[in-house]
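Everything below concerns the one structure shown next.
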Amino acid sequence: MLKFHQIVLRKFLTLFLSLFLIVGGIVYYWTYEFYIESTKDALTQDIDLLSLTIHHDTDLDKLALNVKKRLKLRLTLIDENGTILAESHKDKTTMDNHKYRDEIVQARANLIGYKVRHSKTLDKDLLYVVKKFTIHGKIIYIRLAQEIKGIQNEIFSLGLKILAAIIIFFIAVLMASYKINKEIEYETYKIVNFLKSLTKKKKSTYISSDYSQEFAYITNLLTKVSQIIVKKEKQKSKYTQRLQESNKQKDDIISAISHEFKNPIAVINGYSQTLLDDEDINPNIRKKFLQKIHRNGVKLSELIDTLRLSIKLDSGQQNLKKKKVNLYELISECVENIRINYYNRETIIDGDKDIFIEVDETLFGIVVSNLIENAFKYSEDEVHVNISTNDFEVVDSGIGISKKDLENITQKFYRAHTNKWNNSLGLGLFLVNNIVSLHGFKLEVKSTLNEGSTFRVKF
């Protein structure tokens, strides 16, 4: 028969080992699952961002190498048949078909797949995340992989610290069981409540303890973990918001383009169908219809040229062909061209007729034409153009522009709704601002609602 202290020691050892195994198992499972889930979420977000960068002319091999260099991740691009399109860490021509890899099979069925396994290529344990996309009409699987390293060592280290804490706990229990039991019960209760709060919407982001070094370490670690979770959720929220804004902008662009292209296409289709159906149509009417078809064809061509110019300006690919130009004559020529569509409107040009500026005549003509035509659109009285050695300005007494719209009217595809302010595709003032900036000039806009606007280009 054992002595009393031996029985007590055995009981405490049994309790100690049981508690250590239980706590160790919980911590191991929670830490492992958290690590895996956090890595999955991060890789999934990276995949979504990568998908936005893939276009029909994207160099996939270069993209894979960039991901390897910058993100330290393994990237594999796989087509619908399992053929490797690009691989960051191995020659893709030597790799087996991936059609029946577990993660690919999952993604084929559920759009996204996960797998943890040992990579023979890298001789490391990796977490693979793959997502299925349809890009330019073709199915492509984007797979990212990250090494699962150090987790066992971290869990073992955490287990040793928990073991040390439990040993201290049991020594303290033998000396002053009730008091220490209550104190530890309080600390444990606080940690458990903190862990529970992590599962709720209103998460606690800070917990501390000065009871012991072990509890201080644990609470500090939990604080860091909670902050990581909150940070990840904020990043996810920001990404979701950016994605929504991107989708809205895409819808606005498509709507604007379809609206502008719809009318001329309808005119061309209508008149051409009439000419096809009626071979004996009056020659004068035939000529009139053909003229309408031609004008709308020219309008479509101008819309396409505007879109192409906006792309060049946006990407910084537009070159300038500067020469000295008489500003008065350039403005007069633009006014004459616009007068075709606004034959009953008057433009008053004031200022020195002998001012020369060094500009790209074609591009600067777009600036002048857009500003004057906008003034015609949104006012009914005459438009004034004032010329000086330092600037020129276009002044109208029309509906004006709201303060909110003034902040955005030079943005690409922006079309304000206040007072039905409409800038066609939303490219007119975007082109004006970019061309002016390209010349090293500055565009200033002043406007008051229901009183008028002044657009000034400062040299």
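Only the coordinates and a few stated rules stand behind these numbers; no lab work does. As the structure is a computational prediction, the values presented were derived from the model and not from experiment. Virtual Cβ from ideal backbone geometry, glycine too; neighbours counted across all protein chains shown.
Let's test the formula: R0 of 60 Å, r as the Cβ-Cβ distance of residue 353 and residue 241. What FRET efficiency results, to the nearest 0.05? Let's see the in-between values first.
Working: r = 53 Å, r/R0 = 0.88.
For residue 353 and residue 241, the calculated efficiency is 0.70.
Give me the dipole magnitude in Debye, nearest 20, for the range 54-113 about the Cα centre, with unit charges on the beta carbon: positive for Lys and Arg, negative for Asp and Glu. Display every interim value, and only then the final one.
Working: 11 positive and 10 negative charges, 75 e Å.
Using Cβ point charges on Lys, Arg, Asp and Glu, the range 54-113 gives about 360 debye.
Cut-off is 10 Å between beta-carbons; in what order do 101, 242 appear when sorted fewest neighbours first? Intermediate results must be reported in sequence, preceding the final value.
Numbers: 101 21, 242 11.
Listed from fewest to most nearby Cβ atoms, that is 242, 101.
List the residues whose amide H sits under 5 Å from the amide H of residue 119, counting only those 5 or more places along or on another chain, with H placed 1.01 Å from N in the peptide plane.
Placed amide hydrogens put 124, 125, 126 under 5 Å from residue 119.
Between residue 51 and residue 287, what is the FRET efficiency for a Förster distance of 45 Å, r being their Cβ-Cβ separation, to the nearest 0.05?
Working: r = 52 Å, r/R0 = 1.16.
Efficiency at R0 = 45 Å is approximately 0.30.
Give the cross-link partners of residue 131 among the aspartates and glutamates, using a straight C-alpha distance below 13 Å as the criterion and excluding same-chain residues fewer than 8 apart.
Correct list for residue 131: 41, 46, 48, 79, 80, 102, 103.
Give, as a single signed number, the net charge of other residues whose beta carbon lies under 10 Å from the beta carbon of residue 218, with Lys and Arg counted +1 and Asp and Glu -1.
Values: positive: 161; negative: 187, 214.
Residues near residue 218 contribute -1 overall.
For labels at residue 118 and residue 332 in the simple 7 Å Cα→Cβ model, what's the distance in nm?
Rounded to a tenth, the inter-label distance reads 8.7 nm.
When the Cα centres of the range 36-58 and the range 327-381 are compared, how far apart do they sit, in Å?
Each part's Cα centre sits 49 Å from the other's.
Which order do 55, 294, 98 fall in if you start with the one that has the fewest other Cβ atoms within 10 Å?
Numbers: 55 8, 294 11, 98 20.
Fewest-to-most Cβ neighbours within 10 Å comes out as 55, 294, 98.
Fewest to most neighbouring Cβ within 10 Å: what's the order for 211, 206, 114?
Working: 211 15, 206 11, 114 19.
Ranked by crowding around the Cβ, least crowded first: 206, 211, 114.
Within the range 29-90, report the GluC sites (Glu not before Pro) that DSSP leaves as loop and that have at most 16 other Cβ atoms within 10 Å.
Details: sites: 33, 37, 80, 87; in loops: 80.
Answer by residue number: 80.
Looking at this model, which pairs from 68/321; 92/149; 62/132; 62/124 are more than 31 angstrom apart at the alpha-carbon? Before the final figure, lay out each step's value.
Details: 68/321 42 Å; 92/149 25 Å; 62/132 21 Å; 62/124 24 Å.
Going by Cα-Cα distance, 68/321 fall outside the 31 Å limit.
At 0.36 nm per residue, and after removing the present C-alpha to C-alpha distance, how many nm does the segment from residue 213 to residue 189 gain when stretched out fully? Provide the component values of the computation, followed by the final result.
On the way: separation 24, 0.36 × 24 = 8.64 nm, distance 1.73 nm.
The residue 213-residue 189 span can extend by a further 6.9 nm.
Taking +1 at the Cβ of each Lys and Arg and -1 at the Cβ of each Asp and Glu, which of 75, 35, 129 sits farthest along the dipole of the range 34-149 towards its positive end, judged by Cα position relative to the Cα centre?
Value computed over the given set: 35.
If you take the alpha carbon radius of gyration of the range 34-149 and divide it by 2.2 N^0.38 Å, what ratio comes out, to two decimals? The partial results should precede the final answer.
Working: Rg = 12.9 Å, N = 116, 2.2 N^0.38 = 13.4 Å.
Normalised Rg, Cα atoms only: 0.97.
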